[in-house]
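This report refers to the structure that appears directly beneath it.
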Amino acid sequence: MKIDDKVEKQVRAVLDALVHRDPDRLDRAMSNIAAGRQLQAALELSVAICGFVLFETHDGAPEPVDIDEIAGDLESQERWLEVEKAEVVAFLTALVDRRPLSEVLPRDSAVVLPFVVAANLLATSSAPEEGEWWFNYLDKVEAAIEAAG
């Protein structure tokens with residue numbers, strides 16, 4: 001997957017707003033994506049990020065019990081967004097099964113959830129105490145996504 005520089009910048013703005021739990025910045029960043037008509041490309045990149053991190057941290061496809069645990073943790077950690085565990089489970093299961101999000105999520109959730117899950121997975125899968133911050137991990141993830149084609 002070739003990552004467009006403009007889309008990457010917009011996705012990073014959304015992810016940064018989510019990691020910092022800044023609703024005003026999040027609204028502005030999402031509006032910029034929509035205004036630039038980059039939403040589809042931004043969603044595709046966010047889903048690819050989710051898939052890469054999910055599969056890397058589980059050395060392959062996570063088991064349903066892993067998905068359930070991730071979804072519960074994410075629901076708890078992202079209360080400020082009112083994320084529902086059932087939707088996260090549906091999203092991650094669709095990702096693992098390679099099913100379209102439109103089959104398992106309402107449109108509003110399908111537009112927001114990939115960003116929320118990507119931000120959360122990046123933030124919880126990188127280890128600042130070991131010198132790797134989420135944005136450095138994202139650099140590696142994006143390089144791997146582009147290398148995979």
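The numbers here are math on the coordinates, done by the rules we state, and not lab data. Note that the coordinates shown come from a computational prediction; the quantities given were computed from them, not determined experimentally.
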Whole-Hz ³J(HN,Hα) from phi, Karplus 6.51 cos²θ - 1.76 cosθ + 1.60, for the range 105-122, glycine and proline x: 10, x, 3, 4, 5, 5, 7, 9, 4, x, 5, 4, 5, 4, 4, 5, 4, 5
Equivalent ellipsoid, the range 44-105 (semi-axes from 5 times Cα gyration tensor eigenvalues, Å): 17, 14, 11
Share of pairwise Cα separations in the chain, more than 24 Å, in percent: 25 percent
